[in-house]
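To keep things clear, I will list the structure first and then write my remarks on it.
The values are calculated or read from the model by the stated rules, or taken from the named source; none is laboratory data. All values derive from a computational prediction rather than experimental measurement. Reconstructed Cβ throughout: ideal geometry from the backbone, glycine too, with neighbour counts over all protein chains shown.
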Amino acid sequence: MSQATANLELDDIQSGVLRPRPAPYVATYIALRIDDRKAGRELMDRVSKVVTSAANPNSPLADTWVSVALTYQGFKALGVPQESLDSFSWEFRQGMAARAKELGDVGESSPENWEEPLGSRDVHVVIVAVSPNEERLEGALANARKTYQSMKGIQAIWRQNCHALPNEKEPFGYRDGISHPAIEGSGIPGSNPQEKPLKAGEFVLGYPDEIGGIQKTQPELLGRNGTYVVFRKLHQRVAEFRRYLKANSTDLNDEELLAAKMMGRWRSGAPLALCPFHDDPELGADPQRNNNFLFQEDDAAGLKTPGGSHIRRTNPRDAAIAGVARIHRMIRRGTAYGPLLPDGVLDDDGAERGLMFAFVGANIGRQFEFVQSEWINDGIFFGAGADKDPIVGSTEGKGYFTVPRKPVRRRCQGIPQFVVTRGGEYCFMPGLRALRWLADLQT
Ligand code: HEM
């Protein structure tokens, strides 16, 4: 065991914090409301026995887990003292709905249009179960259900089932779940061998972070080994995305090239950085190679991977940008919901489909909110004015996207909004000792 591993208290950190989700996967999200403080504390006691820790990351059984997170309203419903509440981050205390303007959740994505009860004061606890298959998920869910079912004072108020689409793809058809950071002491390798592992304090409270700070709550035990988790239900307009690609390309090959330029990867997952002219599905599926690249030395001008593409915006790696990329990294888990839109279909079938997006990190403000507002919904950081992310940006139908090219760049205009926010929550995922501390509250 390395010194770094010894220092991170993996047996107190919830599995759901550090582990990349299994592939393939099934997942269920359940939101609970606490109507009675005592019942809420009993719930904390019970879930502390069901939640698995991040210890033994290499065990084959470690890819099924139940994790539990609380909103600020949830902490309040449990009667957490004010002094403790005040020691959590400002953004968390506000909640996601209150941050709508900063996040670009406007128009159709604005909280008044969100799916109920997301964004309301009723969502207190979010339980997530993840597994490689239905059978083991059912087992995990049965355990989770025992913690709240038939308990007076706890209501299950929302549920979302998610499942992997074929070939690890998300609803637009791109392979997902490729890039994740390495974290010092986690025992879980990152996917880019060229990225120096990030300090554990970027992802778990109570440890030094990249800028030398250590986040502590009051009492310290409550936050230690916990982290912030952001859940967002993101509806994807797949038919509209396909129609836009078709209408703005000369032929099928050009359509795939435009799709790749927007993402920074071919739909197979193969990165433009390593195969800029044609797809290479073998490379796309190879975890040893598909994330092994940087941008600056080889492609400063974005002739291969445009500065405005989704992956270069959300992780500019070593590219010259205003600011430092390392302090805006995140652990990210997308799980798909809804039926697949069959290949080639260009008309919307009215079905709800998209991603349950989950962010994990110790700083909602400088990680999730910063990436969402400065990198996805603005382009100033890399010199592209107000251009937004062509795939997930809040374009409101007026998006622009530039593909650097010689002799002349390609400029796409009038990009519709392909992703609409259906709701979400800012949560805190406590360590196991902290769950027991919550169970023992006497206020
Ligand atoms: C429905 C909405 C979204 C879709 C369809 C989507 C899709 C994808 C895909 C296909 C990848 C490439 C696969 C990979 O690197 O694992 C990716 C990477 C990524 N996405 Fe998204 N994404 C969405 C929303 C978001 C949001 C809201 C954020 C951040 C606030 C985000 C942040 C990232 C990051 C950080 C990466 C990894 C970039 C890298 O390290 O190269 N994504 N996304």
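Quick notes on this structure:
To keep it simple, each residue is scored yes or no on (1) buried (at least 19 other Cβ atoms within 10 Å of the Cβ); (2) at pLDDT below 95; (3) outside any loop (DSSP other than H, G, I, E, B).
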{"residue": "348", "(1), (2), (3)": "no, no, no"}
{"residue": "356", "(1), (2), (3)": "yes, no, yes"}
{"residue": "391", "(1), (2), (3)": "yes, no, no"}
{"residue": "395", "(1), (2), (3)": "yes, yes, no"}
{"residue": "417", "(1), (2), (3)": "yes, no, no"}
{"residue": "421", "(1), (2), (3)": "yes, no, yes"}
{"residue": "434", "(1), (2), (3)": "yes, no, yes"}
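- Search result, residues across the stretch 123-180 that are at pLDDT 95 or above, within 28 Å of residue 42 (Cα to Cα) and in a loop (DSSP other than H, G, I, E, B): 123, 124, 153
- Residue check, residue 201 away from the ligand (no atom under 16 Å from the Cβ), touching an Asp or Glu at 6+ places or on another chain (Cβ under 6 Å) and within 28 Å of residue 290 (Cα to Cα): yes
- For residue 326, the criteria (1) under 29 Å from residue 214 (Cβ atoms); (2) assigned to a loop (DSSP other than H, G, I, E, B) hold in every case but one, which is (2).
- Within the stretch 151-198, tally of residues that are more than 10 Å from the ligand (Cβ to nearest atom), charged (D, E, K, R) and surrounded by 19 or more Cβ atoms within 10 Å (Cβ to Cβ): 1
- Tabulated pairs, the stretch 229-243, first more than 16 Å from residue 103 (Cα to Cα), second within 8 Å of the ligand (Cβ to nearest atom) and in a strand (DSSP E or B), C-beta under 7 angstrom, 6+ apart or interchain: 236/354; 236/355; 236/419
- Residue 408 vs. criteria without any contact (Cβ under 8 Å) to a residue 12 or more places away in the chain, more than 15 Å from the ligand (Cβ to nearest atom) and farther than 26 Å from residue 160 by Cα: yes
- Qualifying positions in the stretch 81-127 - of a type in the set (Val, Ile, Thr) and buried (at least 21 other Cβ atoms within 10 Å of the Cβ): 123, 125, 126, 127
- Among (1) under 30 Å from residue 28 (Cα atoms); (2) in a loop (DSSP other than H, G, I, E, B); (3) in contact with a strand residue (DSSP E or B) (Cβ under 8 Å, 6 or more places away or on another chain), the one test that residue 333 misses: (2)
- Considering residues of the stretch 364-389 that are surrounded by 23 or more Cβ atoms within 10 Å (Cβ to Cβ) and either away from the ligand (no atom under 13 Å from the Cβ) or more than 12 Å from residue 328 (Cα to Cα) (or both) only, the residue modelled with the lowest pLDDT: 387
- Search result, residues across the stretch 411-431 that are within 16 Å of the ligand (Cβ to nearest atom) and either farther than 21 Å from residue 334 by Cα or without any contact (Cβ under 8 Å) to a residue 12 or more places away in the chain (or both): 415, 416
- Single residue of the stretch 265-274 satisfying the filter (in contact (Cβ under 8 Å) with a residue 24 or more places away in the chain and farther than 12 Å from residue 175 by Cβ) that is nearest to the ligand (Cβ to nearest atom): 273
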